[in-house]
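Okay, so here's the structure we're looking at.
The values are calculated or read from the model by the stated rules, or taken from the named source; none is laboratory data. Model, not experiment: these values are computed from the prediction. So basically every Cβ, Gly included, is an ideal-geometry build from the backbone, and we count neighbours across all protein chains shown.
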């Protein structure tokens with residue numbers, strides 16, 4: 001889930017192939033992916049869209065992928081909700097201990113700061129490079145800490 005409040009859900013899915021013909025497998029995998037992309041709205045009502053990616057497990061040696069975008073902005077009718085819940089039960093989608101997670105926090109992109117001149121890596125960014133803005137912020141924080149120490 002991303003955004004504040006969460007408005008985009010991401011679904012990553014691997015579905016092993018059984019003994020069915022490949023075309024039937026692809027159709028089933030696409031149906032499962034679409035069900036997950038729609039069903040996460042029931043778990044997280046603030047979602048406005050879902051993006052899904054499905055594949056065979058890498059060990060299968062196949063290379064096909066399904067990509068799906070589902071617009072979740074419109075309110076779901078009671079009939080559609082009931083049909084979705086039936087499909088969720090049939091496909092065992094989000095039935096027990098669903099793997100739906102909400103991650104909160106800030107994720108910085110490259111480059112990551114490193115704390116040169118300190119003993120050891122930064123607790124928040126181990127083994128990363130520090131940019132000028134981060135160095136200045138740390139120097140400012142160190143000056144403030146030195147001023148506030150009792151003498």
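Values for this structure:
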item: Boolean, residue 47 is assigned to a helix (DSSP H, G or I), in contact with a helix residue (DSSP H, G or I) (Cβ under 6 Å, 6 or more places away or on another chain) and under 21 Å from residue 10 (Cβ atoms); result: no
item: Flag for residue 36 being touching a residue at least 12 places away in the same chain (Cβ under 8 Å), in contact with a strand residue (DSSP E or B) (Cβ under 9 Å, 6 or more places away or on another chain) and surrounded by 13 or more Cβ atoms within 10 Å (Cβ to Cβ); result: yes
item: Total residues in the range 49-91, condition surrounded by fewer than 10 Cβ atoms within 10 Å (Cβ to Cβ) and modelled with pLDDT under 85; result: 4
item: Qualifying residue in the range 92-113 (condition: modelled with pLDDT of 70 or more and assigned to a helix (DSSP H, G or I)); result: no
item: Some residue of the range 122-130 being over 22 Å from the mean Cα position of the chain (by Cα) and modelled with pLDDT of 60 or more; result: yes
